[in-house]
Each structure stands twice: as C-alpha cells, then as structure tokens.
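Coordinate-derived values only; no laboratory data. Remember, it's a predicted structure, so these values are computed and weren't measured experimentally. Cβ sites come from the backbone with ideal geometry, for glycine too, and all protein chains shown count toward neighbours.
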Amino acid sequence: MKIHLAAPRGFCAGVNMAVESLEIALEAMGPPVYVYHEIVHNQYVVRTFRSKGAVFVNELTDVPEGATVLFSAHGVAPATRELAKQRNLTAIDATCPLVTKVHLEAIRYAKQGYTIFLIGHDGHDEVIGTMGEAPEAIILVETEEDVDKLDVSDESKLAYLTQTTLSVDDATRIINRLKARFPELKGPPKDDICYATQNRQEAVRLLSDAADAVIVLGSQNSSNSQRLRELAESPDRPAFLIDGPEDLSVDQFQADWTVLVTAGASAPESVVNATIQWLEENFAAEVELKTVREEKVSFPLPKPLRQYAKK
C-alpha cells in the first residue's frame, strides 16, 4: 500500500490558538475551566481536555457564578457575552479572528440597513453566533433552492456573508444563484471562507484522483471535515471520515491501494500519526508527503492569557 499524506492538513491557526488558550487557562488558573460549547469540533480534543479538568457546557447557566469560562473558536452571540457579565464570569474569548471578521461584517451591514443572507448550516455554533449579532437583519441560506424562496422588501440593500468552514464549491454555487436573482447584491471585500478550509479542500481536490480511497481525520460534527469527505468521495473511490484508526477495519481496503490521508482543521496530528501507523502495521504501507501549499499563519492568544504564555 502507498499512503499519500496531504499537506496542508489538520489544525489551522484558529484551532491552534483556541487549543493553546485552553491549555494555558487550565495550567494558569487550575481546573475546572468551563468551556462554552466544544472548544473545537473534534471528539479526541474534547475528551483529552475533559480528562484535564475542562468542563464543556451548552448553557452559561451551568457555569457557577464567578467562574472562568472560555468561548470556543466558533464564536458567540452578543447575548452570550452579556450573560457572562451578568453572572460575573471571567470570560476568555478564543474566537477565531476569521470568525470575528464575519461578525464585524454582519454588524456593519446591519447598521447600514442591509438585509444579510448568511450562507451556512442551521444550528452550527458559528452560524448561531453570527446571526446573534443582528438577528433582525440576517436570513439563513443553506441551499441553492433556498435562494428561490427568498422574499425581501428592498432588493437594493442586500448583502451576503458565509460561514467560514463551507465547501468553496457549494458556497460559490449559492453565491452565484443569489447574484443572478439579486443583481445589486453586495459581498464582503474578501472571502469569508477561511484560508485553511480552502487550502485543505484544494489539496483533496488535487490529490484524490491518484487515490483508490481517502481517509479524512475529523469528527462527524466538524463541518470542514465533512466537506473534505464529500469532496473526496466518488462512485469508485470511498472516503472515510473517522476520529481515529479504531473506526477502520482491514476489509475496507485492498493491499495494493493508494490511500490519501488528510485531516480537517480541528483534527490533531496525533490521530493522523496513529492512523498511518495502523495502515503500516496492517498493509506494510509506505508514506509519501504530498505538499500542495505551505501555511505560515498564526494568531495571538486572547489578551488575558498572554502574560502566562511561555516566552
């Protein structure tokens, strides 16, 4: 077996920042540190932090008054920040700066009186946070078919934004449909879909044709990991979205296959390595790195944690 190991893959700058933030908070402040929603959408990361004393909650009312709470990489709505203040919580904001950018765009368009079409997935943490910035001005659009059902009173003041972890191809199709129906539609000056999501999709698009199967490391609730699986899968090429090698079986593969291995932006490199080791042990696989693009992006820690960071 040959393994083509995609690069870039795995943790993006926003996830690196969020994970490091929680590590430092646990070390500096001691457990428990409460986290509003999952720190990132990866079960391995969540389990690891839970074992270190992180407590993940879906409601801020589950956080004791005066405790420390960390907001995840996906961002939160203003109402959540206000509730944290009311409960006297020490809030550490680990929102990815690229998500914050979308929030600020939503605020700007809403203040200018625009109706905003937010392209994204209903119920996703990032979408909930963005819509919370201007709920009266934002309409969620999930599919091309949704575009045909839109009913707005003023077609001269329309704008669109997107969830940062979407499929580039899917988002482009919806945007083109919106522009065809609403010619005066405005968009952000720069794409909302994050660089890491685009780069990982590009790598899969360019490398998957040479593979007999594709393994995507990532959890089922990870939007960007699901998009990688969808992009890789074809009628004659299976694609497996897994948390780790424990989700695989030898009868899914043939010994002479070429297997592309990649990872979503919230999947740690340790599970990639464990999966490669499993393939090596079961199929005497040989690994070849396939680099499509270099990434050198990094984001600073939240201000309250910078004093604790190792120099």
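Numerical summary
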read-out: Dipole in debye (nearest 20) - segment 186-250, about Cα centre, beta carbon charges: Lys, Arg +1; Asp, Glu -1; value: 360
read-out: Long-range HN-HN contacts of Thr258 with modeled amide H, under 5 Å; value: Lys2, Asp212, Ala213
read-out: HN-Hα J in Hz across segment 201-218 - Karplus 6.51, -1.76, 1.60, θ = phi - 60°, x for Gly and Pro; value: 5, 4, 4, 5, 4, 7, 9, 5, 4, 8, 10, 8, 7, 10, 10, 10, 7, x
read-out: Under the Debye formula (equal points on every Cα, no solvent term), log10 I(q)/I(0) of the chain at q = 0.07, 0.11 Å⁻¹; value: -0.30, -0.73
read-out: FRET efficiency, Gln112 to Asp209 (Cβ-Cβ, R0 51 Å, nearest 0.05); value: 0.70
read-out: Where only alpha carbons of segment 261-311 are counted, the Rg and the Dmax (Å); value: 16.6, 48
read-out: Extension gain from Glu202 to Val55, taking 0.36 nm per residue of separation minus the Cα-Cα distance; value: 49.4 nm
read-out: Under-5 Å amide H pairs with Leu161, H placed in peptide plane, nonlocal only; value: Phe117, Leu118, Ile119
read-out: Helix-only CD estimate at 222 nm, as mean residue ellipticity for the chain, using -39500 (n - 2.57) per DSSP H run (n ≥ 4); value: -11000 deg cm²/dmol
read-out: Set Lys101/Lys179; Lys111/Lys296; Lys157/Lys296; Lys190/Lys303 screened for pairs whose C-alpha atoms are more than 30 Å apart; value: Lys111/Lys296; Lys157/Lys296
read-out: Phi-based couplings in Hz for segment 227-242 (Karplus 6.51, -1.76, 1.60; Gly and Pro marked x); value: 5, 4, 4, 4, 5, 7, 6, 8, x, 10, 9, x, 10, 10, 9, 9
read-out: Estimated distance in nm for a label pair at Glu144 and Thr100, the labels positioned 7 Å out from Cα along Cα-to-Cβ; value: 3.7
read-out: Lysines whose Cα lies under 24 Å from that of Lys290, excluding same-chain neighbours fewer than 8 positions away; value: Lys2
read-out: Phi to ³J(HN,Hα) by Karplus 6.51 cos²θ - 1.76 cosθ + 1.60 over segment 84-91, Hz, x for Gly, Pro; value: 4, 5, 4, 8, 6, 8, 7, 9
read-out: Gyration tensor (alpha-carbon) shape descriptor, segment 98-181, a/c threshold 1.5; value: oblate
read-out: Cα-derived Rg over Rh, computed across segment 192-311 with Rh taken as Kirkwood radius; value: 1.03
read-out: Under 5 Å, built H, 5+ apart or other chain: amide partners of Leu70; value: Tyr34, Val35, Tyr36, Ile92
